[in-house]
Amino acid sequence: MLLPSPHNVDVPPALGPPVNAPDAQHRVVVRMLALWARSVQRDAHSYYQAATKAVWTDQAIDYGEEWSPTEDDLAQVLEDVWVRDYRLVMSAYQMERWSKAYQKIVGGSWQSDKGLEALRNTIEHLDDCSFTDLFAKKGPLDPGRKRKHWAIDKLPGNELFLGFDASFTEAAFHLVNL
């Protein structure tokens, strides 16, 4: 069972919610932290595989052999890298949030990763940005919105690179070290 059952559902006693609520809180937080930690591991590996495939595909195109992939193949591979990039950042952010919840329970200290938070907020609100072919930058001011702060302003160069480089196999969005 991933999470305790709702109180109004009949569940066998062995699977029912714990009697002691603080213990239940601790167990759920530990379970969620473990869930997201495993997800980060899987997503980091998945991203690395996609990024490595993108590097190989780009190099194979340069060979220009009969068997070489096409530019369309590369575009499809790069889309996969982008999606896996996004999943990794979201999983890492969730793991960080559950780690914070765990540290609150056990009385430990915790410090957030401001870079990860800025990246997560940037890609979550990417549709509000302005774009060049390779970069996302802060969007135009919209008087109808009361946005005062842009997460993208906290990224290096106040922008997000939308392309891909061979060195990206070690860092998602070239910002989150695997």
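The values are calculated or read from the model by the stated rules, or taken from the named source; none is laboratory data. Note that the coordinates shown come from a computational prediction; the quantities given were computed from them, not determined experimentally. Counting neighbours? That spans all protein chains shown, and the Cβs are built from the backbone with ideal geometry, glycine included. What goes into the accessible areas is simple: the full protein's heavy atoms, side chains included, and nothing from ligands, DNA or RNA. Shrake-Rupley method; radii C 1.70, N 1.55, O 1.52, S 1.80 Å.
One table, with the values for the structure above:
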| item | result |
| --- | --- |
| Only listed residue being at pLDDT 95 or above and of a type in the set (S, T, N, Q), chosen from 91, 68 | 91 |
| Tabulated pairs, region 57-69, first farther than 18 Å from residue 79 by Cα, second part of a helix (DSSP H, G or I) and open to solvent by 100 Å² or more (accessible area, probe 1.4 Å), C-beta under 9 angstrom, 6+ apart or interchain | 68/62 |
| Meets criteria (at pLDDT below 90 and hydroxyl-bearing (Ser, Thr, Tyr)) for residue 39 | no |
| Residue within region 105-123 that is loosely packed, with under 13 Cβ neighbours inside 10 Å, acidic (Asp, Glu) and either modelled with pLDDT of 90 or more or in contact with a Gly (Cβ under 9 Å, 6 or more places away or on another chain) (or both) present | no |
| Residue 52, sole failed condition from (1) open to solvent by less than 30 Å² (accessible area, probe 1.4 Å); (2) in contact (Cβ under 8 Å) with a residue 40 or more places away in the chain | (1) |
| Residues of region 92-125 satisfying the condition of being in a loop (DSSP other than H, G, I, E, B) and over 25 Å from residue 82 (Cα atoms) | 107, 108, 109, 110, 111 |
| Residue in region 112-122 that is among the polar types (S, T, N, Q), under 20 Å from the mean Cα position of the chain (by Cα) and more than 17 Å from residue 36 (Cβ to Cβ) present | yes |
| Flag for residue 93 being over 30 Å from residue 25 (Cβ atoms) and either touching an Asp or Glu at 6+ places or on another chain (Cβ under 9 Å) or open to solvent by 80 Å² or more (accessible area, probe 1.4 Å) (or both) | no |
